[in-house]
Amino acid sequence: MAADVPIGRIHLHAYAERLSVRAGESVDIMASLEGADRAEARLVRLRHGDAHPDGPGFREEEIDHPVNGPMPLRHQPVQQGNFLRVPDPDARLAPEGAFTLHAFVFPGLPGDDRQEIISRGCAARGYGLRIDGGGHLAFWLGDGRSTEEIAAPKRLLRHIWYLVTASFDPRTRRVQLTQKAVVGRYNAIWSKIVPCDYDAVVETEATIGLHHLGGTEVLVGGLEERGEEGGTRVGHLYSGKIDRFGISRGVMGAAERDALAAGALPATADILAYWDTARGYGADGIGDQVEDIGPHGLHAHGVNRPVRGQTGWNWDGRSDSFRLAPEQYGGIEFHADALADCRWQPSASLRLGEDLHSGVYALRLTAEHGGEVATERAVFFVRPARPRAEICFLVPTATYLAYANGPKGLEGDVAQAVMGRAPVLTATDLEACANGYRFGLSTYDLHADGAGVCYSSARRPIFTMRPDYRLPGLAAPWGLGADLSVLAWLDHHGYAYEIITDEDLHRDGAAALAPYRVVINGTHCEYYSERMLDATEDYLAAGGRLLYLSGNGYYWVVAFRDDEPWIVEVRRGQAGSRAWQGRAGEGHLATSGEPGGLWRNRNRAPQKLVGTGFASEGMDVSVPYRRRPDSRAPEAAWIFDGVDGDVVGDFGLVNGGAVGLEIDRYDLSLGTPPNALLLASSEPLTRNWPLAQEEVMFAHPALGGDENPLVRCDMVYLRTRNGGAVFSPSSIAWGSALPCNGFDNSVSIIMKNVVDGFLRRDLPPEG
């Protein structure tokens, strides 16, 4: 049976420190347990995930391994939110004399609790510049016994750029606090015509002195505080953007503030630190280090991937990329609910034998206390020590990450309309909600301030990568659960196969695919990096053979850093079926420097490689295919050997059909090769299947699958250079139709014909 989900007193969560592991290597498993102190561990190979009664049910195989047995576990906290750390070992930023803090800020949620802009200290010692719980700019200081806060009288407004400063003279205890709006024609939510008095100046005397905390660091976007189990954590996290910021000697006067607001630097002799957030950009993106151009080189380092490449206070609207005008892209965006790495300590290290079969594995952990049972599986994917098989299954881990822990099934405002049915929620959906999404969001979600989530990470528990996971609202297999049906089909027919992941394809390029005669895509390979797309094209051009089992594949541009392959970045542009849209000027990937958005909009539509590309999505029904004349052409008839009649796939574990969820279409105008054969097309769909958004030039009534001829799924076969070939059924639901009737059905027959034909040294003759 499927896993018991912990939504009671026991909370058990785990993940593998990397998704792709070679046989013979080790992988660390990170786990956290509350409500008990140990779990029973078992290494398992995942065979099938979908528990639908018309399929083989949930299947996993226990593997002998030294890790099997009782495992002591403890609770491990999570540090959410992104911020910057500035090491200050010599206390350069703890001045004895007067000093000034300054920054450009673009608040995202002013008034949502206290939010630190810059801080150095903890508890009742130190100083900082913050937005208080009422949305006002405030300076605080602590003398070791108590703290005092001086606030400006006017609230900071959302999505308006301000230059903010705070000066303190310990000799006189004089505090000067200022906010000055910098509203241009392009950089703010409002224009210059709005009659708003944004600015404020406060001059007063503090009642206490300042005591610097030793052995600490400066934080940007948070405040150090005492955390769980006696440790420290960073709290009072900031939401919004921060542009160039610094700390200077002395009290900054009005003339210098005006110069700073016009783009000048502070007086060189006064600079203690000045972090130039617009430095370090290159053609290949930017990292997490923010350069201090001051005398001490106290560079800041990002935690949980603060978002770089964002427009700054001085963006003039003429450039759409940090590569063209880096000086206008100093904005660094922070979110209190971001998470790029749980940074848990390893609970176990699994050494895998070199003879371990390539496949999908997990460390299954089961904890029990007081009659309550919780089970978690930390999933990872095992590559062979040396490729031997002729078939490779390419696990779409980039797509798994894009969907990780989302979308928020209980909060979608259009989910029921998209699905065309009353939502069906699972225990996993309830668990994610009960946990407050403390393990981070998906790239289909919005941060609390409304900005889209552009980063997703594998280094956290991922509810949506459980083998029995079902899509929120629809309760249909999705991602790994759907892909396991394809692997179960390969197992059922006795094929020798191996797996690799998107991470491997991105890193190794076409060399990752070269050992295999046949490559099978997963059921949803939506997110692709440039290296992955290049590798697929090169593999096919060299004679490779590909079964494209996806719908909506090769769709969004993504990127990975070579040194952090567990994090994927996606920037949603101004086209495509998208859960959010990036702000103007913020469509380029900070990871790689390239334009984000759709591959189609960079003239690399998926039709150019696999013959079909995204046409529509719908969750209300699934339908069969009907054969077309090309299916009886001599060069393609072999694909249908053993299939009776014209209808294919009038069954399936998703809504009873092989055409479902998301579908792709043949289109010569978008690059479908002219030799591609159109074997079959879907039976009519419903009005709840709208034409893909990127194809809608004018809104009009006839956009649904009941009227529009472009809303259809096409099955395509094409030959490529050097003896290569592609077979594209082009539907996510295809994989979930394979297990029906004990894997004995028309979809399974076609799949076997294609795999057997592609395994031949010479493809079946073209007639």
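Give L533, L490 a once-over and let me know the one that is outside any strand (DSSP E or B), touching a Lys or Arg at 6+ places or on another chain (Cβ under 7 Å) and assigned by TED's automatic domain parsing to the domain that holds I750.
On the way: L490 fails: touching a Lys or Arg at 6+ places or on another chain (Cβ under 7 Å).
None of the others qualify; the one that does is L533.
So, of the residues in the stretch 59-76 that are charged (D, E, K, R) and not in a strand (DSSP E or B), which turns out to be farthest from the chain's Cα centre (by Cα)? Show your work before the answer.
Our first condition is that a residue be charged (D, E, K, R); within the stretch 59-76, this holds for 59-62, 64, 74.
Filter once more, so that each one left must be not in a strand (DSSP E or B): 64, 74.
Working: D64: 34, R74: 28 Å.
Only one residue fits best here, namely D64.
Scan the stretch 61-107 for residues that are of a type in the set (D, E) and farther than 18 Å from W140 by Cα and jot them down. Give the derivation first.
Keep residues of the stretch 61-107 that are of a type in the set (D, E), which gives 61-62, 64, 88, 90, 96.
E61, E62, D64, D88, D90 - these are the residues of the stretch 61-107 that are of a type in the set (D, E) and farther than 18 Å from W140 by Cα.
For A389, which of the numbered conditions (1) touching a helix residue (DSSP H, G or I) at 6+ places or on another chain (Cβ under 9 Å); (2) surrounded by 17 or more Cβ atoms within 10 Å (Cβ to Cβ); (3) not in a strand (DSSP E or B); (4) not basic (K, R) fails to hold?
All conditions pass for A389, except number (1).
Scan the stretch 527-539 residue by residue and report those that are crowded, with 23+ Cβ neighbours inside 10 Å and either in contact with a Ser or Thr (Cβ under 7 Å, 6 or more places away or on another chain) or of a type outside the set (G, A, S) (or both).
Y527, Y528, M532, T536, Y539
Within the stretch 655-670, how many residues are crowded, with 23+ Cβ neighbours inside 10 Å and out of contact with any Asp or Glu (no Cβ under 9 Å at 6 or more places or on another chain)?
The qualifying residues number 1.
With (1) in a loop (DSSP other than H, G, I, E, B); (2) more than 18 Å from V696 (Cα to Cα) as the list, and G573 as the residue in question, which single condition is left unmet?
Evaluating G573 over (1) in a loop (DSSP other than H, G, I, E, B); (2) more than 18 Å from V696 (Cα to Cα) leaves (2) as the failure.
Mind checking which pairs have a first residue in the stretch 719-735 that is more than 17 Å from L678 (Cα to Cα) and a second that is part of a helix (DSSP H, G or I), Cβ under 6 Å, 6 or more apart or different chains?
R721/A541; G724/L540; G735/A482; G735/S485; G735/V486
With the condition kept exactly as written, say whether any residue in the stretch 463-470 is farther than 30 Å from E586 by Cβ and assigned to a strand (DSSP E or B). So that I can check it myself, show each step before the final result.
Filtering the stretch 463-470 for residues farther than 30 Å from E586 by Cβ gives 466-470.
This time we only want the ones that are assigned to a strand (DSSP E or B), so: 470.
Within the stretch 463-470, one or more residues are farther than 30 Å from E586 by Cβ and assigned to a strand (DSSP E or B).
Restricting attention to the stretch 77-88, does a residue exist that is closer than 30 Å to G353 by Cα and assigned to a loop (DSSP other than H, G, I, E, B)? Don't jump to the end; show me each part of the working.
Within the stretch 77-88, the first condition is being closer than 30 Å to G353 by Cα, and the residues that meet it are none.
No; the residues of the stretch 77-88 include none that is closer than 30 Å to G353 by Cα and assigned to a loop (DSSP other than H, G, I, E, B).
Let me spell it out: the conditions are (1) exposed (fewer than 14 other Cβ atoms within 10 Å of the Cβ); (2) of a type in the set (D, E); (3) touching a Gly at 6+ places or on another chain (Cβ under 8 Å), and E205 meets all of them except one. Which number is the exception?
Just one mismatch for E205, condition (3).
How many residues does the stretch 311-335 contain that are surrounded by fewer than 24 Cβ atoms within 10 Å (Cβ to Cβ) and either on the phi < 0 side of the Ramachandran plot or outside the structural domain of I242 (by TED's automatic domain parsing) (or both)?
Taking the stretch 311-335 and keeping what is surrounded by fewer than 24 Cβ atoms within 10 Å (Cβ to Cβ), we get 314, 316-321, 323-328.
Going one step further and asking which of them are either on the phi < 0 side of the Ramachandran plot or outside the structural domain of I242 (by TED's automatic domain parsing) (or both), we end up with 314, 316, 318-321, 323-328.
Matching residues across the stretch 311-335 total 12.
Since L156 meets every condition but one in (1) buried (at least 21 other Cβ atoms within 10 Å of the Cβ); (2) out of contact with any Pro (no Cβ under 8 Å at 6 or more places or on another chain), which condition does it not meet?
Exception for L156: condition (2).
Scan (1) outside any helix (DSSP H, G or I); (2) buried (at least 24 other Cβ atoms within 10 Å of the Cβ) for the single condition R761 breaks and write down its number.
(2)
So how many residues does the stretch 97-132 have that are over 30 Å from the mean Cα position of the chain (by Cα) and either surrounded by 22 or more Cβ atoms within 10 Å (Cβ to Cβ) or modelled with pLDDT of 95 or more (or both)?
In the first step, residues of the stretch 97-132 are kept if they are over 30 Å from the mean Cα position of the chain (by Cα); the result is 97-102, 120-129, 132.
If we keep only those that are either surrounded by 22 or more Cβ atoms within 10 Å (Cβ to Cβ) or modelled with pLDDT of 95 or more (or both) as well, we get 97-102, 120-121, 126-129, 132.
Counting residues in the stretch 97-132 that are over 30 Å from the mean Cα position of the chain (by Cα) and either surrounded by 22 or more Cβ atoms within 10 Å (Cβ to Cβ) or modelled with pLDDT of 95 or more (or both) gives 13.
Among Y539, Y527, Y555, which is within 21 Å of L759 (Cβ to Cβ), assigned by TED's automatic domain parsing to the domain that holds I663 and of a type in the set (F, W, Y)?
Only one candidate passes the filter, namely Y539.
Between a residue in the stretch 59-81 that is touching a residue at least 40 places away in the same chain (Cβ under 8 Å) and any residue that is loosely packed, with under 13 Cβ neighbours inside 10 Å, which pairs come within a Cβ distance under 6 Å, given they are 6 or more apart or on different chains?
P77/E228
Report yes if L609 is assigned by TED's automatic domain parsing to the domain that holds W478, within 30 Å of E333 (Cβ to Cβ) and either buried (at least 20 other Cβ atoms within 10 Å of the Cβ) or in contact with a helix residue (DSSP H, G or I) (Cβ under 6 Å, 6 or more places away or on another chain) (or both), otherwise no. Full working, then the answer.
On the way: assigned by TED's automatic domain parsing to the domain that holds W478: yes; within 30 Å of E333 (Cβ to Cβ): no; either buried (at least 20 other Cβ atoms within 10 Å of the Cβ) or in contact with a helix residue (DSSP H, G or I) (Cβ under 6 Å, 6 or more places away or on another chain) (or both): yes.
So L609 fails the test.
What number of residues within the stretch 248-286 are among the charged types (D, E, K, R) and either in contact with a helix residue (DSSP H, G or I) (Cβ under 8 Å, 6 or more places away or on another chain) or assigned to a loop (DSSP other than H, G, I, E, B) (or both)? Please lay out each step first, then the result.
Taking the stretch 248-286 and keeping what is among the charged types (D, E, K, R), we get 249, 256-258, 270, 276, 279, 284.
Then keep just the ones that are either in contact with a helix residue (DSSP H, G or I) (Cβ under 8 Å, 6 or more places away or on another chain) or assigned to a loop (DSSP other than H, G, I, E, B) (or both); that gives 249, 276, 279, 284.
Residues flagged as among the charged types (D, E, K, R) and either in contact with a helix residue (DSSP H, G or I) (Cβ under 8 Å, 6 or more places away or on another chain) or assigned to a loop (DSSP other than H, G, I, E, B) (or both) within the stretch 248-286 amount to 4.
Those residues that are more than 23 Å from G331 (Cα to Cα) and either touching a residue at least 24 places away in the same chain (Cβ under 8 Å) or not assigned by TED's automatic domain parsing to the domain that holds G108 (or both), I need them from the stretch 181-199; list them, please. If you could, list the steps in order and put the result at the bottom.
Quick first cut of the stretch 181-199, residues more than 23 Å from G331 (Cα to Cα) only: 193-197.
Correct list: C196, D197.
Given the criterion touching a residue at least 40 places away in the same chain (Cβ under 8 Å), small (G, A, S) and within 21 Å of L219 (Cβ to Cβ), identify the matching residue among G297, G287, G282.
Working: G297 fails: touching a residue at least 40 places away in the same chain (Cβ under 8 Å); G282 fails: within 21 Å of L219 (Cβ to Cβ).
Unique residue meeting the criteria: G287.
Scan the stretch 660-675 and report the pairs whose first residue is more than 30 Å from A476 (Cα to Cα) and whose second residue is part of a loop (DSSP other than H, G, I, E, B), with Cβ atoms within less than 6 Å and a gap of 6+ or a chain change.
Matching pairs, first to second residue: L670/A605; G671/A605; T672/G611.
For the stretch 215-223, state whether one or more residues are farther than 27 Å from V78 by Cα, hydrophobic (A, V, I, L, M, F, W, C) and touching a residue at least 40 places away in the same chain (Cβ under 8 Å). Talk me through it step by step, then tell me what you get.
Kept after step one, since they are farther than 27 Å from V78 by Cα, are these residues of the stretch 215-223: none.
Within the stretch 215-223 (the criterion being farther than 27 Å from V78 by Cα, hydrophobic (A, V, I, L, M, F, W, C) and touching a residue at least 40 places away in the same chain (Cβ under 8 Å)), the answer is no, since none of the residues qualifies.
Being assigned to a loop (DSSP other than H, G, I, E, B), small (G, A, S) and more than 19 Å from I499 (Cα to Cα) is true for just one of G543, G618, G613, G553. Which residue is that?
Numbers: G618 fails: assigned to a loop (DSSP other than H, G, I, E, B); G613 fails: assigned to a loop (DSSP other than H, G, I, E, B); G553 fails: more than 19 Å from I499 (Cα to Cα).
G543 is the lone residue from the list that is assigned to a loop (DSSP other than H, G, I, E, B), small (G, A, S) and more than 19 Å from I499 (Cα to Cα).
Cβ-Cβ under 7 Å, sequence separation 6+ or interchain: first residue in the stretch 618-631 and assigned by TED's automatic domain parsing to the domain that holds D650, partner buried (at least 21 other Cβ atoms within 10 Å of the Cβ) and among the aromatic types (F, W, Y). Which pairs?
G618/W689
Out of all the residues in the stretch 544-557, is one or more of a type outside the set (S, T, Y), farther than 25 Å from L487 by Cβ, buried (at least 24 other Cβ atoms within 10 Å of the Cβ) and modelled with pLDDT of 95 or more? Lay out the reasoning, then the answer.
Just the residues of the stretch 544-557 that are of a type outside the set (S, T, Y), to begin with: 544-547, 549, 551-553, 556-557.
Within this subset, residues satisfying the condition of being farther than 25 Å from L487 by Cβ are 557.
Next cut, buried (at least 24 other Cβ atoms within 10 Å of the Cβ) only: 557.
Filter once more, so that each one left must be modelled with pLDDT of 95 or more: 557.
Checked the stretch 544-557: at least one residue is of a type outside the set (S, T, Y), farther than 25 Å from L487 by Cβ, buried (at least 24 other Cβ atoms within 10 Å of the Cβ) and modelled with pLDDT of 95 or more.
Step by step: first the residues of the stretch 400-452, then only those that are modelled with pLDDT of 70 or more and on the phi > 0 side of the Ramachandran plot, then the one that is surrounded by the fewest Cβ atoms within 10 Å (Cβ to Cβ). Which residue is that?
My answer is G450.
Could we say that R687 is closer than 30 Å to G573 by Cα and either at pLDDT below 95 or in the same structural domain as R421 (by TED's automatic domain parsing) (or both) here?
Yes: the conditions hold for R687.
The values are calculated or read from the model by the stated rules, or taken from the named source; none is laboratory data. As the structure is a computational prediction, the values presented were derived from the model and not from experiment. Reconstructed Cβ throughout: ideal geometry from the backbone, glycine too, with neighbour counts over all protein chains shown.
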